[in-house]
1. Between beta-carbons, use under 14 Å as the cut-off and find the net charge around Thr126, counting Lys and Arg +1, Asp and Glu -1.
2. How much length, in nm to one decimal, is gained on full extension between Asp47 and Leu30, taken as 0.36 nm per residue of separation minus their Cα-Cα distance?
3. How much length is gained on full extension from Thr126 to Ile110, taking 0.36 nm per residue of separation minus their Cα-Cα distance?
4. Within the set of other residues whose C-beta is less than 11 Å from the C-beta of Arg37, count the net charge using Lys and Arg as +1 and Asp and Glu as -1.
5. Could you list which residues have their amide H under 5 Å from that of Ile110, counting only those 5 or more apart in sequence or on another chain, with H placed in the peptide plane?
Amino acid sequence: MKEQSSTSSQEVPKHKPALEEKYKREDENLPKPTGWRLLVLPFKMKDKTKGGIVLAEATLEKQQVASQCGLVLAMGPQCYADKERYPNGPWCKKGDWVMFARYAGSRIKIEGGEIRMLNDDEILATIKSPEDLLHEF
């Protein structure tokens, strides 16, 4: 029986989703969310499967549009400010991976894909890594 090291369960995921580094920086010309809105970059899967199959760009774009998770890029000034609705504080913060409903938010086209503008109450959960979830395409 093969023994697993205790450090492997605590490793940080080694994924680097497309567009994350480009749009993670503050200096990019992305919309600034107002009010209770969040700016989210939907997860875009890798262009090659584990078996080595290269996926078509159309397949990757379909998957990104249908994605149910993304990276929080920015938050409006009133996000989670209503203490009656959010007595336990914010559900997420900038830099968190979050889940949301498939067709939630407004889609905004950007170079290389799209971003979404979501209301703070449209966040369903936070997750450690979007690659832990199964993605259909």
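1. Here the charged neighbours net out to -1.
2. Gain on stretching Asp47 to Leu30: 3.7 nm.
3. Full extension from Thr126 to Ile110 adds 3.4 nm.
4. Neighbourhood net charge equals -1.
5. Amide H to amide H, under 5 Å and 5 or more residues apart or across chains, Ile110 pairs with Ile115.
Readers should treat all values here as calculations from the given coordinates under stated rules, not as data from a laboratory. In this text the structure is predicted, and so the values were computed from the model without any measurement. Positions of Cβ are backbone-derived with ideal geometry, glycine not excepted, and every protein chain shown enters the neighbour counts.
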